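Visitor: Take a look at this one; I'll ask things after.
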Amino acid sequence: MPLPPPPKQRATLLTQKSLAEAPAAKTARATRSNARPLKDAQIDMPIPEIVASTAPAPVKTSVRTASPVKSIKTSSRSAKARKSDGTRKLFVLDTNVLMHDPMSLFRFEEHDVFLPMIVLEELDSNKKGTSEVARNARQASRYLDTLAASSPDMAAGQRLSGLGHNEAQGHLFFQTEPLDLSLPLALPQGKADNQILGVVRALCEKHSQREVVLVSKDINMRVKARAMGLQAEDYQNDKALEDGDMLYTGAMALPTDFWAKHAKTVESWQQGSHTFYRISGSIVPSLFINQFVYFEAAGEPSLYARVTEVRGKTAVLRTLKDFAHQKNAVWGVTARNREQNFALNLLTDPEVDFVTLAGTAGTGKTLMALAAGLTQVLDDRRYTEIIMTRATVSVGEDIGFLPGTEEEKMGPWMGALDDNLEFLAKGEGGGAGEWGRAATNELIKSRIKIKSMNFMRGRTFMNKYVIIDEAQNLTPKQMKTLITRAGPGTKIICMGNLAQIDTPYLTEGSSGLTYAVDRFKGWAHNGHITLARGERSRLADFASEAL
């Protein structure tokens, strides 16, 4: 039996063996490096199932091992959306999603997006015109052009984060090869929706290990997809809230045992005509700046206050001005219920730049906004004039083009303005006779300008009191356009009834009014209140509840 070599000789042999194997290992590493670049592996690595179904199995295994999918930090929502095996979903977008929101391409976090060829055809046929849909189609086409040019290999997919949207960690895949679009005989082959369904079905068969989901705003198309056994979802990213009942109301009732629990820890002091309270406890984290709180209990004094400061575990409440009393009437208008009192406190506060009022028909939204505006324009001289606009969405059939100037064209849409001005002018000049009422009407109308939303782009309103009526019919983009018109010293009032949305593609969750209320809550110069009780008439109140 030969003896083992001495330690020094053994080390020499091992070194020679390592050097002999080094070229082979180096060649193997170079081969792997050429096959798949490792730069930005966490983000840039395409999912192999999309590239080619004929890829060899060892490549799949090595890619999944090298790609640290678990290291990507995702939200609970995206983690919930993953399958149990951790693979990315593949979302197939319908054309109406892109025409609704061109940014939808970048809203699917770590998941991949697939566009059938028929979607590009439909985008091309809908890009002409000046409508919102045409503008969105053109913007979506620009995004797709930039993404398509970012990578020469269309089959490998384009990184969605390449345009600076770092939250989009997936890839965009175009239909680059023919697919088997076999469909049931009941579905005509030539219809675009059915072709998209055929693409989804073919992708499900081709990539059976992945979860393929159709995303469409078309309800009937989602129903057809589910009838064929395909997964289909609505596009949810445009909704500020999943449920309209969860909308921030702007007011909160204090618990009946509030004073019993906090009487010893509450600090109070007087400043001018207001009383301030500093409170602490478990209720503080649920409070927002300019939120109203109230305490009403039998046999105990009531409290109506507004949150003026939230700092750490304490909050400061300030009592309100009582607009229910005749001495505090605003242009002859007094508050008839608790929520109207809250609203008038917001409308007359110069520190609140943006006010949103929501409520059913007859709750006094327009009347209070106009009364507060006339007082601050004509009496206090805080603003130079009132500018009023609204979304021109018809309830029924459109009556066609209207003659006249911009203000004359807007006249038929401003019936609510005329009705409320008639009431306010009658109350203000009631004892001045016919000439006095006529003069009052002329003075009021001279300080109110009616503007169309179509010509708002590029304008800047300085020291104006702007009223946006029927704001529930605005999209979030239109709402942003209007609010950003505000210049120094301008106050904007948005009013609407979320139960009376007339725009076909808006819901309570995706309305611009809901969007504004949700995004502005907690800002120090914003206030919102949901008016609960109608004051128009007993007939209108019953109709709102029963019909």
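The values are calculated or read from the model by the stated rules, or taken from the named source; none is laboratory data. Remember, predicted model here, so these are calculated numbers, not experimental data. Every residue, glycine as well, gets a Cβ built from its backbone with ideal geometry; the counts of neighbours run over all protein chains shown. Keep in mind that these areas ignore ligands, DNA and RNA; they rest on the heavy atoms of the full protein, side chains included. Shrake-Rupley method; radii C 1.70, N 1.55, O 1.52, S 1.80 Å.
Visitor: Please enumerate the residues belonging to the stretch 191-230 that are of a type in the set (Gly, Ala, Ser) and touching a strand residue (DSSP E or B) at 6+ places or on another chain (Cβ under 6 Å).
Guide: Residues of the stretch 191-230 of a type in the set (Gly, Ala, Ser): 192, 198, 202, 208, 216, 225, 227, 229.
Ala225 - this is the single residue of the stretch 191-230 that is of a type in the set (Gly, Ala, Ser) and touching a strand residue (DSSP E or B) at 6+ places or on another chain (Cβ under 6 Å).
Visitor: Keeping to the stretch 195-220, report how many residues are free of Cβ contacts under 8 Å to residues at least 40 places away in the same chain and either under 30 Å from the mean Cα position of the chain (by Cα) or part of a strand (DSSP E or B) (or both).
Guide: Residues of the stretch 195-220 free of Cβ contacts under 8 Å to residues at least 40 places away in the same chain: 197-198, 201-202, 204-205, 208, 219-220.
In the following step, the residues that additionally are either under 30 Å from the mean Cα position of the chain (by Cα) or part of a strand (DSSP E or B) (or both) were identified as 197, 219-220.
Number satisfying all stated conditions: 3.
Visitor: Shifting gears a bit: For the stretch 229-274, how many residues meet the condition of being at pLDDT 90 or above and either at positive phi or touching a Pro at 6+ places or on another chain (Cβ under 8 Å) (or both)?
Guide: 2
Visitor: Which residues, counting only those in the stretch 482-495, are open to solvent by less than 40 Å² (accessible area, probe 1.4 Å) and not in a loop (DSSP other than H, G, I, E, B)?
Guide: Narrowing the stretch 482-495 to residues open to solvent by less than 40 Å² (accessible area, probe 1.4 Å): 482-483, 485, 487, 490-495.
Result: Leu482, Ile483, Lys491, Ile492, Ile493, Cys494, Met495.
Visitor: Shifting gears a bit: So the check is Cβ under 9 Å with 6+ separation or different chains; which pairs have a first residue in the stretch 454-481 that's farther than 17 Å from Met495 by Cβ and surrounded by fewer than 17 Cβ atoms within 10 Å (Cβ to Cβ) and a second one that's among the polar types (S, T, N, Q) and at pLDDT below 85?
Guide: If the second residue must be among the polar types (S, T, N, Q) and at pLDDT below 85, the pairs left are Asn454/Thr392.
Visitor: Now a separate question. I'm checking my understanding of the structure. Among residues of the stretch 360-400 that are modelled with pLDDT of 90 or more, among the β-branched types (Val, Ile, Thr) and not in a strand (DSSP E or B), which one is most open to solvent (accessible area, probe 1.4 Å)?
Guide: Out of the qualifying residues, it is Thr384.
Visitor: Output the residue which, of all residues in the stretch 496-547 that are open to solvent by 50 Å² or more (accessible area, probe 1.4 Å) and touching a strand residue (DSSP E or B) at 6+ places or on another chain (Cβ under 8 Å), is nearest to Leu357 (Cα to Cα).
Guide: Among residues in the stretch 496-547 that are open to solvent by 50 Å² or more (accessible area, probe 1.4 Å) and touching a strand residue (DSSP E or B) at 6+ places or on another chain (Cβ under 8 Å), the one nearest to Leu357 (Cα to Cα) is Ala532.
Visitor: Going by what's in this entry, would Glu122 be described as of a type in the set (Asp, Glu), in contact (Cβ under 8 Å) with a residue 60 or more places away in the chain and at positive phi? If you could, list the steps in order and put the result at the bottom.
Guide: Details: of a type in the set (Asp, Glu): yes; in contact (Cβ under 8 Å) with a residue 60 or more places away in the chain: yes; at positive phi: no.
No, not satisfied.
Visitor: On to the next question. Does the stretch 188-202 contain at least one residue that is at pLDDT 90 or above, within 24 Å of Pro476 (Cα to Cα) and open to solvent by 60 Å² or more (accessible area, probe 1.4 Å)?
Guide: Checked against the condition, which is being at pLDDT 90 or above, within 24 Å of Pro476 (Cα to Cα) and open to solvent by 60 Å² or more (accessible area, probe 1.4 Å), the stretch 188-202 yields no hits at all.
Visitor: Here is a follow-up. Scan the stretch 368-388 and report the pairs whose first residue is over 16 Å from Asn328 (Cα atoms) and touching a residue at least 60 places away in the same chain (Cβ under 8 Å) and whose second residue is of a type in the set (D, E, K, R) and outside any strand (DSSP E or B), with Cβ atoms within less than 7 Å and a gap of 6+ or a chain change.
Guide: Final answer for the pair search is Val377/Arg447; Leu378/Arg447; Glu385/Arg447; Ile386/Arg447; Ile387/Lys451.
Visitor: Please find, among Leu482, Leu531, Leu498, the residue that is under 17 Å from Thr389 (Cβ atoms) and out of contact with any Pro (no Cβ under 7 Å at 6 or more places or on another chain). Spell out how you get there, then give the answer.
Guide: Numbers: Leu531 fails: under 17 Å from Thr389 (Cβ atoms); Leu498 fails: under 17 Å from Thr389 (Cβ atoms).
Just a single option satisfies the conditions, and that option is Leu482.
Visitor: Given the structure, is Ser544 of a type in the set (S, T, N, Q), within 13 Å of the chain's Cα centre (by Cα) and either at pLDDT below 90 or assigned to a helix (DSSP H, G or I) (or both)?
Guide: Numbers: of a type in the set (S, T, N, Q): yes; within 13 Å of the chain's Cα centre (by Cα): no; either at pLDDT below 90 or assigned to a helix (DSSP H, G or I) (or both): yes.
Answer is no for this residue.
Visitor: So which strands (runs of 3 or more DSSP E) are wholly in the stretch 251-291 and hold at least 1 residues that are within 34 Å of the chain's Cα centre (by Cα)? Can you show your working first?
Guide: Details: elements: 251-253, 267-271, 274-280.
Once the strands (runs of 3 or more DSSP E) in the stretch 251-291 are filtered for at least 1 residues that are within 34 Å of the chain's Cα centre (by Cα), what remains is 251-253, 274-280.
Visitor: Which of the residues that make up the stretch 298-338 are open to solvent by less than 30 Å² (accessible area, probe 1.4 Å), among the aliphatic types (A, V, I, L, M) and either outside any strand (DSSP E or B) or farther than 14 Å from Ala253 by Cβ (or both)?
Guide: Ala315, Val316, Val330, Val333, Ala335
Visitor: Applying the selection to the stretch 278-321, what residues are aromatic (Phe, Trp, Tyr) and in contact with a helix residue (DSSP H, G or I) (Cβ under 9 Å, 6 or more places away or on another chain)?
Guide: Step one: list which residues in the stretch 278-321 are aromatic (Phe, Trp, Tyr), which gives 288, 292, 294-295, 304.
Selection gives Phe292, Tyr294, Phe295, Tyr304.
Residue-by-condition table, conditions (1) open to solvent by 70 Å² or more (accessible area, probe 1.4 Å); (2) within 23 Å of Lys217 (Cβ to Cβ); (3) charged (D, E, K, R); (4) assigned to a helix (DSSP H, G or I):
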position	(1), (2), (3), (4)
Met103	no, yes, no, yes
Glu121	yes, yes, yes, yes
Gly129	no, yes, no, no
Ala140	no, yes, no, yes
Met154	no, no, no, no
Ser161	no, no, no, yes
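Visitor: Quick check: is even one residue across the stretch 246-268 within 30 Å of Phe106 (Cα to Cα) and surrounded by fewer than 18 Cβ atoms within 10 Å (Cβ to Cβ)?
Guide: In the first step, residues of the stretch 246-268 are kept if they are within 30 Å of Phe106 (Cα to Cα); the result is 246-248.
From what is left, the residues that are surrounded by fewer than 18 Cβ atoms within 10 Å (Cβ to Cβ) are 246.
So far as the stretch 246-268 goes, yes, one or more of its residues are within 30 Å of Phe106 (Cα to Cα) and surrounded by fewer than 18 Cβ atoms within 10 Å (Cβ to Cβ).
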